[in-house]
1. Kindly check whether there is at least one residue in the range 130-147 that is over 27 Å from A316 (Cα atoms), among the acidic types (D, E), modelled with pLDDT of 95 or more and in a loop (DSSP other than H, G, I, E, B).
2. Those residues that are closer than 16 Å to R158 by Cβ and not hydrophobic (A, V, I, L, M, F, W, C), I need them from the range 114-129; list them, please.
3. For D255, state whether it is modelled with pLDDT under 95 and of a type in the set (D, E, K, R).
4. Give the residue that is modelled with the highest pLDDT, with candidates limited to residues of the range 22-72 that are among the aromatic types (F, W, Y) and within 18 Å of the chain's Cα centre (by Cα).
5. Identify, from the list P347, P365, the residue that is modelled with pLDDT of 90 or more and surrounded by fewer than 17 Cβ atoms within 10 Å (Cβ to Cβ).
6. Could you check the range 14-76 for strands (runs of 3 or more DSSP E) lying wholly inside it with 3 or more residues that are surrounded by 21 or more Cβ atoms within 10 Å (Cβ to Cβ) and in contact with a strand residue (DSSP E or B) (Cβ under 6 Å, 6 or more places away or on another chain)?
7. Can you confirm whether the range 155-173 contains a residue that is surrounded by fewer than 21 Cβ atoms within 10 Å (Cβ to Cβ), touching a residue at least 60 places away in the same chain (Cβ under 8 Å), part of a strand (DSSP E or B) and among the hydrophobic types (A, V, I, L, M, F, W, C)?
8. Could you tell me whether the range 213-222 includes any residue that is touching a helix residue (DSSP H, G or I) at 6+ places or on another chain (Cβ under 9 Å), under 28 Å from P69 (Cα atoms) and part of a helix (DSSP H, G or I)?
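The values are calculated or read from the model by the stated rules, or taken from the named source; none is laboratory data. Quick caveat, the model's predicted, so the values are computed rather than measured. Using ideal geometry, Cβ is built from the backbone for each residue, glycine included, and neighbour counts are taken over all protein chains shown.
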Amino acid sequence: MTKKFLIAGGGIGGLAAALALRRAGFAATVFERAPAFGEVGAGMSLWPNATRVLESWGVLDAVLQKGKPVTQFNLHRWDGRLISVIAMTGFQTPALCIHRADLHRALRDRLNPSSLETNQTLESFASGDSGVRARFVGGREMEADGLIGADGIKSIIRSQLHGAEEPTYRGYCIWRGIAPESAGMAGGHISETWGRGRRFGILPMGQGRICWYATRNGPPSQADAPEGRKAEVLALFRDWHKPIAGLIAATDPGDIMKSNAHDRNPLGQWGDGPVTLLGDAAHPLTPNIGQGACMAIEDAACLAKMLRRGAGVATAFRAYEAARGPRTAFIARRARRIGAIGQWENPWVVRGRDLATRLLLLRSPDTQLKSMYAYEA
């Protein structure tokens, strides 16, 4: 009899898990708390470790039609002077930038609509040797062979397994926006600019759109300035190199999102019995190396691989967690460290940071990249 799985959370991780399990011969139903799958989120990057998985699933071509391949990463000072340049070449599959909604749709289009349910919030679960029973808000109950929590950084499933704890704030907020593509921008180039306690990133994501992000040090839950979110960001970055101020000015104020940089410390074991976690529910990352969605896609591929081996669900889930734990902990530490370095404020320390980064990347630009991007999930 075909094993059946319940997946809580219909984001990138939940859909990736459903697709990986379906391709492996299992039945999976995704339960999303929102009333509909909508056009949510901003731009994002997908690196070769994830696009390799998407290619194996037959999704990469659809994603490439909507996104924009990345050929080069440029790191700047606030005044535009280059710190370093890294070519994104030599990998089996490309890096690319895409709107999150377009990736979500590409995954969703590969799934049977009957396996996707909206307006369903998981409330609790009970597990045993025979499987798991999930209870949803409103009283609905369902049974399955396994439960996968892909319900984000504030996961209900994680809270029931490990206790409710707030994520760890890392000292800075993040704005994200989408602007029309500017004339004269080099095709395929993405960039990040470092200042003192502030950063600005530019991600061309195809279809004439640019995703940008900006950061600033400060306490958690920083309120918007009285003059409004867009005016506040523009004032912070008005004197930075082109096209930063122009991108902010060209952005619809309603399209600018703001959040805090959060993550969590690694868990020793993600799940218990026929229950496990995936993506941000298991290992949320600060968004500094563009690996959040990539880790969820890797998780999904590894989870399906372990279940295909034919052991019991609980055994397969523990094998999956053992395989993914070190990898995701390494990526989380790296993302946290790069974010902390990019947010340094002391002017003398910042000058040393920029020089050291330039020299380090000149000497060995691809060593760390290969450890992230050449990984086989």
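1. For the range 130-147, residues over 27 Å from A316 (Cα atoms), among the acidic types (D, E), modelled with pLDDT of 95 or more and in a loop (DSSP other than H, G, I, E, B): absent.
2. Across the range 114-129, the qualifying residues are T121, E123, S124, S127.
3. Against the criterion (modelled with pLDDT under 95 and of a type in the set (D, E, K, R)), D255 qualifies.
4. Ranking the candidates gives W47 first.
5. Sole residue among the options that is modelled with pLDDT of 90 or more and surrounded by fewer than 17 Cβ atoms within 10 Å (Cβ to Cβ): P347.
6. Of the strands (runs of 3 or more DSSP E) lying wholly inside the range 14-76, those with at least 3 residues that are surrounded by 21 or more Cβ atoms within 10 Å (Cβ to Cβ) and in contact with a strand residue (DSSP E or B) (Cβ under 6 Å, 6 or more places away or on another chain) span 27-31, 43-46.
7. yes
8. no
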